[in-house]
Amino acid sequence: MSAAAETALLRAPWWLKRHETLLAIILAVALVGLGAFNDRFLTLDNLLNQGRLMTEIGLIALPMTFVIITGGIDLSVGAIVGLSAVMLGYAWKTFAFPLPLAIVFALFVGGLAGFVNGFVITRVKVPPLIMTIATLALYRGLAEGVSQAHSVRGYPEAFYVLGQGDVLGAPTQLLILIVLIVVAGVALDRTTFGRALYAIGSNETAARFSALAVDRAKLVVYTLSGLASGLAAVVLVSRVTTTRMDMGMGYELDVIAAVVLGGTSIFGGAGTIWGTVIGLVMIQLLKNGLALTGVKGDATIVVIGAALIVSVLIASSLQRRRE
Amino acid sequence: MKARYLLTTAAAACALTAFATDANAAGKWDGGDDLATSPLECGTGAAAPGAPMKYDGGQPTHAPNKAGKAITVVDVPKLIGIGYFNATSKGIQDAAKEIGNVKAKTDGPTEAKIDEQIKFIDNSITSGVDGILFAANDPVAIAPVLKKALSKGIHVVGYDANATPGAREWFVNQSPFNGIAKAMVDAMAKETGEDGSFAIVTSTFTTPNQARWIAEMQAYAAKCHPKLQWLETVEAQEDNNLSFNQATTLINKYGDKLKGLFGMTSVATPASAEAVTKAGQCGKVAVVGLATPNAMKPYVHSGCVKSVVLWNPIDLGYAATYVMRAAVDGKLEPGDTSVEAGKLGKLNVINGSEILLGAPFIYDKANIDTFDF
């Protein structure tokens, strides 16, 4: 970066120096660039369709932002997606629950799985990394055991509205995601609960001495993480019309990539929902845009990896400049 | 206090796992599916031809008429970067070159994941190809995106692993499931004796082809080799190391009781043969399985493996491309009973909307060196 550009950056208003703004600018440039290469990329149809495909990851990325802001991590989300999906199929087929009740049951199982994570992490003081690696294996194993590796198929047509249908011209699940983005953003920015998460992530001991309910806040964020994974499972089952025990495998990495790309510090204490949303959109549209431009799948992953590294470099250099 | 919480959690986990294991239905080989089976006749008798079925595929809506014109085709296999799908991809390229007016590209996920595969197909639809060739990771999960392709006037032909019939026009069937099952079980019974006991190394219990084969193998064994004894099925993904470790574990666990191993994937079979070789059990533990010839040559030559069952994957990709071209040209329409496929000659239509490549091929010491893939 030249000296002139550097002083320009220093004089720029504060909001321009934020990681999210910078990321949004990079995103816009990338979109226009890819759009110039391919006339099928920047069409409303394609963008809405990409919105549909990224919803499951997006739903989980919201509470994952909370979890990472508190200085924790949840690696079991992909396994919870698998477990909730299996439970949805199991409740509907084997217990013969009506479908709405089966959906509630799947959400409950997701929430419970998250609650167990939070409970052991706060009460037994097991580090989140270790606890959620353990439950990653445990929940996936349960999903396989309960389902006996059999798929459940043949859900009623009406259920597919959620994963394949449109409401007001937009994919149903995308609308759900947008509502939840607003709710999560407001909760993090404008409520005492949100402030408490930052306080815990910055300095947990100080937060405890400030009489913040640290354990309760953590319990809530891990439960939310499980609940969102359960919701993602329901959306995914509706989108692909079948239940499989290997659903959601590897989701944890996609989710964490979106959150971290969005500027949330892996050490806790910093991050925003808006950043996560930009990170999420960026990964999805980069993958899509590159594929449409004729770049093959394996090369696309390389580009995504490079984008992650560059963005983290930019973020940390900005951080140093501020300090 | 802390210990109590830990204990409670551990106990709960154990209880849940035990509950899950109890649900295991007795009498069925693990890793098989629940669909109806149709075991072939015992012995060497020819298979009775199935009753003709009405066409049950799906048709593209308002497909542009590209008969005789250049078309772009994208091939989305289960995953890329393994020998088997490299071979199908080669067959596709061979056929494309031979036909002349077909431009084909293979682009798929690096892991056999259904949602990744769906995204690849979705992107191909948006980028506006004329045809999609696929090998499904899940027959039902892939259906919505394939139906979307059909609704946009794109021709859809499957090979290797099928989707629900209404979601594609044609499916090139490498070999009927019951044919493979018969070849595998007959070979095992011949090598271990009629009362041998064996274990199975598969990819995962949900992988559709493997699950179908295992179910058909059980049905055929029950009918024709009732004294063969199944010990266990283990999952090894399509992972070389894991397959080797799982096979070694089976050898150590069952000792002299284990007389044979079935490898259900092109990865599991050579890995099982390697495990048997390393354990010094050649001749005592038979390995029968699906695999590509190149990977099996060392074991076949050393005498550790007597027979390898497979079709020719290059021919499979080749046939799929010819079927695609014929479908676009209107030379293969619902109700037709055969299709011309270049050097393979005339292939027959079976089960309504499937094109049969042929009977499974058995590679042995005498012929394995004539194949290179």
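Note on A:145-153: average number of Cβ atoms from other chains within 10 Å of each residue's Cβ is 6. Taken one residue at a time, the phi angles of region A:53-66 give Karplus couplings (6.51, -1.76, 1.60, θ = phi - 60°) of 6, 9, 4, 4, 4, x, 4, 7, 5, 4, x, 4, 4, 4 Hz. Gly and Pro are set to x. Give me the lysines in straight-line cross-link reach of B:LYS147: C-alpha distance below 25 Å, same-chain residues under 8 apart excluded. Excluding near neighbours in sequence, the set is A:LYS287, A:LYS296, B:LYS54, B:LYS66, B:LYS69, B:LYS78, B:LYS103, B:LYS105, B:LYS113, B:LYS119, B:LYS331. State the antiparallel share, in %, of DSSP beta bridges confined to the protein assembly as shown, rounding to the nearest 5. In the protein assembly as shown, DSSP labels about 25 percent of beta bridges as antiparallel. Loop-located trypsin sites (Lys or Arg not before Pro) in region B:80-178 (DSSP state other than H, G, I, E, B) with a sparse environment of at most 16 neighbouring Cβ atoms within 10 Å: B:LYS152. Classify region A:135-216 as rounded, prolate or oblate, taking a ≥ b ≥ c as the square roots of the eigenvalues of its Cα gyration tensor: rounded when a/c is under 1.5, otherwise prolate if a/b is larger than b/c and oblate if not. Oblate, since a/c reaches 1.5 and b/c is not below a/b. For chain A, with a Gaussian network of springs between Cα atoms less than 10 Å apart, report the residue from A:PRO100, A:PRO63, A:PRO128 with the top mean-square fluctuation. Looking only at A:PRO100, A:PRO63, A:PRO128, the biggest GNM fluctuation is shown by A:PRO100.
If a/c stays under 1.5 just call it rounded; otherwise compare a/b with b/c (prolate if a/b is bigger, oblate if not). Do that for region B:176-310, with a ≥ b ≥ c from the square roots of the Cα gyration tensor eigenvalues.
Note, shape of region B:176-310 comes out rounded.
Dividing the helix sum by the residues of the protein assembly as shown, where each DSSP H run of 4 or more adds -39500 (n - 2.57), gives a mean residue ellipticity at 222 nm of -18500 deg cm²/dmol.
Sparsely packed loop sites in region A:63-168 (the trypsin sites (Lys or Arg not before Pro) outside DSSP H, G, I, E and B with at most 15 other Cβ atoms within 10 Å) comprise A:LYS125. Taking amide H as placed 1.01 Å from N in the peptide plane, the amide H of B:ASP75 sits under 5 Å from that of B:LYS105, B:THR106, B:ASP107, B:LEU133, each at least 5 places away or on another chain. Note on the protein assembly as shown: Cα convex hull, mean projected area over all directions, 34.1 nm². For the residues of A:46-54, the average number of beta carbons from a partner chain within 10 Å of their own beta carbon is 2.
For chain A, what does the alpha-carbon gyration tensor say about shape, rounded, prolate or oblate, given a ≥ b ≥ c as the root eigenvalues, a/c under 1.5 as rounded, and a/b over b/c as prolate? Write out the running numbers ahead of the final one.
Details: a/c = 2.03, a/b = 1.21, b/c = 1.68.
Oblate shape, in that a/c is at least 1.5 and b/c is the bigger or equal ratio.
Globularity index of region B:180-245 is 1.12 (Cα radius of gyration / 2.2 N^0.38 Å, N = number of residues).
Each of B:GLY158, B:ALA222, B:LEU79 was scored by the projection of its Cα onto the charge dipole of chain B, and the greatest displacement toward the positive side belongs to B:LEU79; charges sit on the C-beta of Lys, Arg, Asp and Glu. Relative contact order for chain A: 33 percent, from Cα pairs under 8 Å spaced at least 6 residues apart, divided by residue count.
What's the longest bit of chain B with no exposed GluC sites (Glu not before Pro), using DSSP loop states and at most 14 other Cβ atoms within 10 Å as the test?
Between exposed loop sites, the widest span is B:195-373.
A cut-off of 5 Å between modelled amide H atoms, ignoring neighbours fewer than 5 places along the same chain, links B:GLY289 with B:GLY263, B:VAL309.
Calculated on C-alpha atoms, the gyration radius of region A:177-223 divided by its Kirkwood radius gives an Rg/Rh of 1.03. Rounded to the nearest Hz, the phi-derived 3J(HN,Hα) couplings of region A:174-187 under the Karplus curve 6.51 cos²θ - 1.76 cosθ + 1.60 (θ = phi - 60°) are 5, 5, 4, 4, 4, 4, 5, 4, 4, 4, 5, x, 5, 4, where x marks glycine and proline.
Around A:MET247, with a cut-off of 15 angstrom between Cβ atoms, what is the net charge of the other residues, counting Lys and Arg +1 and Asp and Glu -1? Numbers along the way, then the final one.
On the way: positive: A:ARG140, A:ARG153, A:ARG239, A:ARG244, B:LYS113, B:LYS119; negative: A:GLU56, A:GLU144, A:ASP246, A:GLU252, A:ASP254, B:GLU111, B:ASP115, B:GLU116, B:ASP138.
Net of charged neighbours comes to -3.
Sparsely packed loop sites in region B:191-289 (the trypsin sites (Lys or Arg not before Pro) outside DSSP H, G, I, E and B with at most 14 other Cβ atoms within 10 Å) comprise B:LYS227, B:LYS284. Applying the Karplus relation 6.51 cos²θ - 1.76 cosθ + 1.60 with θ = phi - 60° to region B:227-234 yields 3J(HN,Hα) values of 8, 4, 10, 7, 9, 6, 10, 10 Hz, where x marks Gly and Pro.
For a straight C-alpha distance cut-off of 27 angstrom, the lysines reachable from B:LYS227 (same-chain residues fewer than eight places away being disregarded) are B:LYS28, B:LYS182, B:LYS190, B:LYS253, B:LYS257, B:LYS259, B:LYS284, B:LYS306. The residues neighbouring A:VAL167, those whose beta-carbon lies less than 15 Å from its own, together hold a net charge of +1 under the Lys/Arg +1, Asp/Glu -1 convention.
Exposed loop sites, defined as chymotrypsin sites (Phe, Trp or Tyr not before Pro) outside DSSP H, G, I, E and B with at most 12 other Cβ atoms within 10 Å, are absent from the longest region of chain A, namely A:96-266. The charge dipole of the protein assembly as shown, taken about its Cα centre with unit charges on the Cβ of Lys, Arg, Asp and Glu (plus for the first two, minus for the last two), comes to roughly 1480 debye.
Bear in mind that the values in this text are calculations on the coordinates, not laboratory data. Note that the structure is a prediction, hence the values are computed from the model and not measured. For neighbour counting, all protein chains shown are included, and Cβ atoms are generated from backbone atoms with ideal geometry for every residue, glycine included.
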